[in-house]
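**Student:** Okay, handing you the structure first.
The values are calculated or read from the model by the stated rules, or taken from the named source; none is laboratory data. All figures in this text were calculated on a predicted structure; none of them were measured in a lab. Backbone-built Cβ (ideal geometry, glycine too); neighbour counts: all protein chains shown.
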Amino acid sequence: MKSYTFPDAKRRRYWMKKILWRHIVGIVVGIFAIFPLIWMASAAFDVTGQLSTQQLIPTHHGLSNFTDLFGNKEKPFFTWVRNSLVIAFAAAAMQIIIGAAAAYPLSRQKFKGRKVTLTMILIVQMFPQLLAATTLFLIINTFGKSFPFLGLGHQLPLILIFGGGALGVNTWMLKGFFDTIPSEIDEAATIDGASHFLIFSRIIVPLAAPVFVVTSLLSFIGILNEYLITSVILGLDGRNMTVAVGLQQFIYGQYGKNWGPFAAGALLATIPVFTLFIFLQRFLISGLVSGSAKG
Amino acid sequence: MKVRNLGAKSFKFVLSYSVIVALLLMALRFIENRSWFLGFFFLISAGLVAYIYTLQKKIPSKYLLPGFLLLFLFHIYPAIFSGYVAFTNDSNGHQISKTDAIASIIENSNVPASDIAPIEFKAAIEDSSNKLFVVFQYPVGKFWVGNSSILKETPNAQTPGFRVLNFSQTQEVASDLGNIQVHMKGGLLFQPQDFKTLQASKPVMVYNASKDELINSESGVIYRPNDNGQMVSAAGDALYPGWKENVGLRNFTSIIQNKEIRKPLLAVLAWTIVNAILLIILSFLFGLGLALIFNFPRLASKRIYRTIFIIPMAIPNVLSVLVWAGLFTTQTGVIDRLFHINIAWLTDPFWARIAVLIVELWLTFPYMFLITTGAIQAIPNEIVEAAEIDGASIFKSFRMIKLPLVLRTLAPLMVASMAMALNNFGAIYLLTGGGPTFPNTNGNAGATDILISYTYKLAFNGQEGNNYGLASALSILNFILVGAISIYGLRRMKTMEGIN
């Protein structure tokens, strides 16, 4: 008997010494990580809608915050959602198309200026577009004088601006993936008489489909998250705003008053992004974990 | 196959030529509106599209051109343009050209012309456009029909093509009538003052082009341009609007010389750098610590912890920061109530900075955790074992072997994070608004403002009007800061490659 209890006790001591404190750290950090999320969720269902009386488990729960949010005519939540989706879909599609088109020759063709192009993209990437938000505003203002639909307060110029940032955002990542597709495949296709566009659209793009999914989702989420340039170009006019800008205008400076409906809106906007992210986290984690080791 | 090829070819042909034509038309419109640079850019674009897609045979440029045109127009040009705007006084009331500004001053200086008696008019609707006009006689014997944008002479009071309104019909269009201003020759302006008569007015300001001065013809006061794009009298009265003017280095010298700008700016600059460095160190240590703790093979639930730790990445940043701001509210906020404390998180300069760091740490530690985990997993086991055999303690093997290796692998990513931390606009602007604001300063710089948020406030949220010129000068400063860090980082990476 004794010979069995001994390793048991040893195992328990080992558990106490090496494992227990790891769980404690894990739980503490875990609480920190989900802290705003749980309070956001709890506030969304707290019918008092007050910041000052909010409890973790609301004593009076219901859906009144959601109905308040949807019923607000001056703050049209669903219009914001539509604006966000239109802008993010169009701009993410544009970013991915432009990025893929640029990555293809940079990965596949040997041409003069290839290295310079790659270095230039890397350097441009270091200076985020938002540094020049002031002049972007002035430029779009000038656009609007000649073409009203390209002016301030319209979605098209914003989509073009995000599309313009595409080269810096996606090209290197997509090029890295294209590099892993064996070049024998497109050499064979070339011998069979396929044009470069056919190789790009029928061979490279389908083979890179998984990475397109991940990069376009990252682009999409990134654009949904953008505040500065979006608020500058679209302005702070009720119907023009995106979810991010709209909810900020909704809550800023009036946490006491609008806390409940704001939390309801924030929760609604978070759920799809959160779901996508958890669904994709395997790719992201493996990408970041192995990517960092390569660098 | 041949036929399909032909179809594809003609489709390509139609597409490229319609793009070229569209770009050319846009270029013409911009040039017509005197937007010289944009006109020029679209002209060049049209040329490039024509050359690359229809004339030459090289493939790479066909794929790269659209991206590069957009990159130039919306990323590189704005940066260069900041360099230009930084040397102007572009701000509210200084956005138009001098010619336009003077025209606007003259037009707005109208006073009733006492020498012209009220003129009788009839309201009329044009049959073709259904727009409202006024028909009147000035001077006697000359008949006109006109509104704010059109003025036509007619041979007599009979106006073919127009339907003259009777008195009650005229009353119905009263509000439209009130908006009508007929611009006559010589700067005279006719406006309906009731339903029957027009009031004549004329500008009191007269521009003398040869002397470049505006004269008030009633008082005789003379206004001359000053060096800030504004007409000013000898007594110091300024006329609005002003115009955009090159002011040379003034935006930069005012940063250095003007104490009201310099003092807050230095504080902002210092906090920009301190905040970025503190954040990188804290978040790296936090991430590394977690990576070491949870990269432990016998911990069964480490994957669950990993998923929970990266939740901050899964919530839209804008929203999570706004929620944090609510939680940090003094007294009524959850944090103060939960811990039974009474800290003015967002209104006390010190605690506001702590709050900013906590939120930034929350936003960034998952990323650091993931990349340090990767770096640690990449360390070959043999090295660590060899050190253990040589008798190195856990701490020593960490400090002498793991840490240098991790730092070496992560250096490029850390540089990128540093550049991001310098421009962490969302976390700061949405949490504290850059506040609490410094007392007794020009503009609205605050204790947690970094360069980018201060720039944004100067350009779009100014208490004393929006100053695009000064904001652009600060953008340039920010470009230099980010560039210096990036170059330093790249250099370090190079020397490290050399060590390897």
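**Student:** Enumerate the strands (runs of 3 or more DSSP E) found wholly within region B:169-241, keeping only those where 2 or more residues are of a type in the set (Asp, Glu). Show your work before the answer.
**Tutor:** Details: elements: B:189-192, B:197-203, B:205-208, B:213-216, B:222-225, B:231-233.
Correct list: empty, since no element meets the threshold.
A quick yes/no check of all residues on (1) small (Gly, Ala, Ser); (2) at pLDDT below 85; (3) more than 22 Å from A:Met94 (Cβ to Cβ); (4) surrounded by 17 or more Cβ atoms within 10 Å (Cβ to Cβ):
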position	(1), (2), (3), (4)
A:Phe143	no, no, no, yes
A:Leu152	no, no, no, yes
A:Leu198	no, no, yes, no
A:Pro210	no, yes, no, no
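**Student:** Please verify whether region A:220-232 includes one or more residues that are part of a helix (DSSP H, G or I) and either among the basic types (Lys, Arg) or closer than 26 Å to A:Lys110 by Cα (or both).
**Tutor:** no
**Student:** How many residues are away from chain A (no Cβ under 14 Å) and in contact with a Ser or Thr (Cβ under 8 Å, 6 or more places away or on another chain) if we restrict to region B:371-410?
**Tutor:** 3
**Student:** Right, another one. Could you list, in sequence order, the residues of region B:1-55 that are more than 21 Å from B:Leu70 (Cβ to Cβ) and of a type in the set (S, T, N, Q)?
**Tutor:** Answer for region B:1-55, where residues must be more than 21 Å from B:Leu70 (Cβ to Cβ) and of a type in the set (S, T, N, Q): B:Asn5, B:Ser10, B:Asn33.
**Student:** Name the residue that is surrounded by the most Cβ atoms within 10 Å (Cβ to Cβ), counting only residues in region A:31-41 that are farther than 16 Å from A:Ile251 by Cβ and without any contact (Cβ under 8 Å) to a residue 60 or more places away in the chain.
**Tutor:** Applying the filter and picking the extreme gives A:Ala33.
**Student:** Out of A:Val29, A:Val47, A:Val81, I need the residue that is of a type in the set (A, V, I, L, M) and either closer than 29 Å to B:Phe286 by Cα or within 11 Å of chain B (Cβ to nearest Cβ) (or both). Which one?
**Tutor:** Values: A:Val47 fails: either closer than 29 Å to B:Phe286 by Cα or within 11 Å of chain B (Cβ to nearest Cβ) (or both); A:Val81 fails: either closer than 29 Å to B:Phe286 by Cα or within 11 Å of chain B (Cβ to nearest Cβ) (or both).
Selected residue: A:Val29, the only one of A:Val29, A:Val47, A:Val81 that is of a type in the set (A, V, I, L, M) and either closer than 29 Å to B:Phe286 by Cα or within 11 Å of chain B (Cβ to nearest Cβ) (or both).
**Student:** So which residues in region B:254-272 are within 10 Å of B:Ala473 (Cβ to Cβ) and of a type outside the set (A, V, I, L, M)?
**Tutor:** Listed by number, the list holds a single entry, B:Ser254.
**Student:** Counting only residues that are surrounded by fewer than 18 Cβ atoms within 10 Å (Cβ to Cβ), within 29 Å of A:Thr190 (Cβ to Cβ), hydrophobic (A, V, I, L, M, F, W, C) and at the interface with chain B (Cβ under 10 Å from one of its Cβ atoms), how many does region A:98-130 have? Break it down into steps so the answer makes sense when it comes.
**Tutor:** Kept after step one, since they are surrounded by fewer than 18 Cβ atoms within 10 Å (Cβ to Cβ), are these residues of region A:98-130: A:109-116, A:118-120, A:122-123.
Now restrict to residues that are within 29 Å of A:Thr190 (Cβ to Cβ): A:109-116, A:118-120.
Applying the additional criterion that residues be hydrophobic (A, V, I, L, M, F, W, C) yields A:111, A:116, A:118, A:120.
Subsequent filtering for residues that are at the interface with chain B (Cβ under 10 Å from one of its Cβ atoms) retains A:111, A:120.
Going through region A:98-130 one residue at a time, the tally reaches 2.
**Student:** Looking at (1) closer than 23 Å to B:Arg34 by Cα; (2) within 25 Å of the chain's Cα centre (by Cα), which is the one condition that is false for A:Asn141?
**Tutor:** Failed condition: (2).
**Student:** For A:Phe200, which of the numbered conditions (1) over 24 Å from B:Ile428 (Cα atoms); (2) more than 9 Å from chain B (Cβ to nearest Cβ) fails to hold?
**Tutor:** With respect to (1) over 24 Å from B:Ile428 (Cα atoms); (2) more than 9 Å from chain B (Cβ to nearest Cβ), A:Phe200 is out only on (2).
**Student:** Another question, then. Considering B:Ala101, B:Ala86, which residue is more than 30 Å from B:Thr197 (Cβ to Cβ), touching a Pro at 6+ places or on another chain (Cβ under 6 Å) and surrounded by 13 or more Cβ atoms within 10 Å (Cβ to Cβ)? Break it down into steps so the answer makes sense when it comes.
**Tutor:** Working: B:Ala86 fails: touching a Pro at 6+ places or on another chain (Cβ under 6 Å).
When all the criteria are applied, what remains is B:Ala101.
**Student:** So is B:Lys244 within 25 Å of B:Leu451 (Cβ to Cβ) and more than 14 Å from chain A (Cβ to nearest Cβ) or not? Don't jump to the end; show me each part of the working.
**Tutor:** Numbers: within 25 Å of B:Leu451 (Cβ to Cβ): yes; more than 14 Å from chain A (Cβ to nearest Cβ): no.
Criteria not met by B:Lys244.
**Student:** Here's something else I'd like to know. Kindly indicate the residue of region B:329-357 that is touching a residue at least 24 places away in the same chain (Cβ under 8 Å) and within 13 Å of chain A (Cβ to nearest Cβ) and also surrounded by the most Cβ atoms within 10 Å (Cβ to Cβ) among those meeting that condition.
**Tutor:** Restricting to residues being touching a residue at least 24 places away in the same chain (Cβ under 8 Å) and within 13 Å of chain A (Cβ to nearest Cβ), the top hit is B:Ala355.
**Student:** May I ask you to say which residue of B:Ala117, B:Ala113 is touching a Lys or Arg at 6+ places or on another chain (Cβ under 7 Å) and surrounded by fewer than 20 Cβ atoms within 10 Å (Cβ to Cβ)?
**Tutor:** Working: B:Ala117 fails: touching a Lys or Arg at 6+ places or on another chain (Cβ under 7 Å).
Only one candidate qualifies: B:Ala113.
**Student:** Within the group A:Gln125, A:Gln95, which residue is touching a helix residue (DSSP H, G or I) at 6+ places or on another chain (Cβ under 6 Å) and touching a residue at least 60 places away in the same chain (Cβ under 8 Å)? Talk me through it step by step, then tell me what you get.
**Tutor:** Details: A:Gln125 fails: touching a residue at least 60 places away in the same chain (Cβ under 8 Å).
The match here is A:Gln95.
**Student:** Just one of B:Ala267, B:Ala291, B:Ala300, B:Ala325 is out of contact with any Gly (no Cβ under 7 Å at 6 or more places or on another chain), more than 14 Å from chain A (Cβ to nearest Cβ) and on the phi < 0 side of the Ramachandran plot; which is it?
**Tutor:** On the way: B:Ala291 fails: more than 14 Å from chain A (Cβ to nearest Cβ); B:Ala300 fails: more than 14 Å from chain A (Cβ to nearest Cβ); B:Ala325 fails: more than 14 Å from chain A (Cβ to nearest Cβ).
Selected residue: B:Ala267, the only one of B:Ala267, B:Ala291, B:Ala300, B:Ala325 that is out of contact with any Gly (no Cβ under 7 Å at 6 or more places or on another chain), more than 14 Å from chain A (Cβ to nearest Cβ) and on the phi < 0 side of the Ramachandran plot.
**Student:** Now, a different point. Condition (residue is within 12 Å of another protein chain (Cβ to nearest Cβ) and in contact with a Gly (Cβ under 8 Å, 6 or more places away or on another chain)) applied to region B:52-70: is it met by at least one residue?
**Tutor:** yes
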